[in-house]
1. Specify the residue that is nearest to R49 (Cα to Cα); the eligible residues are those in region 1-38 that are in a strand (DSSP E or B) and of a type outside the set (A, V, I, L, M).
2. Filter region 42-56 down to the residues that are outside any helix (DSSP H, G or I) and surrounded by 13 or more Cβ atoms within 10 Å (Cβ to Cβ) and list them by number.
3. What single numbered condition from (1) more than 12 Å from the chain's Cα centre (by Cα); (2) near the ligand (Cβ under 9 Å from one of its atoms) fails to hold for T44?
4. Of all residues in region 19-41, which are surrounded by fewer than 11 Cβ atoms within 10 Å (Cβ to Cβ), among the charged types (D, E, K, R) and either touching a residue at least 12 places away in the same chain (Cβ under 8 Å) or in contact with a Leu (Cβ under 6 Å, 6 or more places away or on another chain) (or both)?
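The numbers here are math on the coordinates, done by the rules we state, and not lab data. Only a predicted model underlies this, so the values are computations on that prediction, with no experimental measurement involved. Because the Cβ atoms are built from the backbone with ideal geometry, glycine has one as well, and the counts that use them run over all protein chains shown.
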Amino acid sequence: MNTRIAFKKHAPSLPCERCGYESLTVAALIDEDGSVIGQTLVCTTCRERRRAAATGSVPVQRS
Ligand SMILES: [Zn+2]
């Protein structure tokens, strides 16, 4: 089972409870066959932090 996450282009950003930044975004859950199976809330800031912690580097890009 390989589920992808697709961010919506003009989704409004909501304040994240974990980090406090307004980077909580509605994203679509896409199944392996390309069908949308649901929606989820993803905080891009928390995702970046997790990735940075995994690779040991700090993300440069900021919006
Ligand atoms: Zn967050």
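1. Just the residues of region 1-38 that are in a strand (DSSP E or B), to begin with: 4-7, 13-14, 24-30, 36-38.
With the extra rule that they be of a type outside the set (A, V, I, L, M), the set shrinks to 4, 7, 13, 25, 38.
Details: R4: 19, F7: 18, S13: 17, T25: 16, G38: 24 Å.
Across region 1-38, the extreme among qualifying residues is T25.
2. As a first pass, look at region 42-56 and keep what is outside any helix (DSSP H, G or I): 42-43, 56.
The answer is V42, C43.
3. For T44, the exception is condition (1).
4. Hit for region 19-41 is E32, nothing else.
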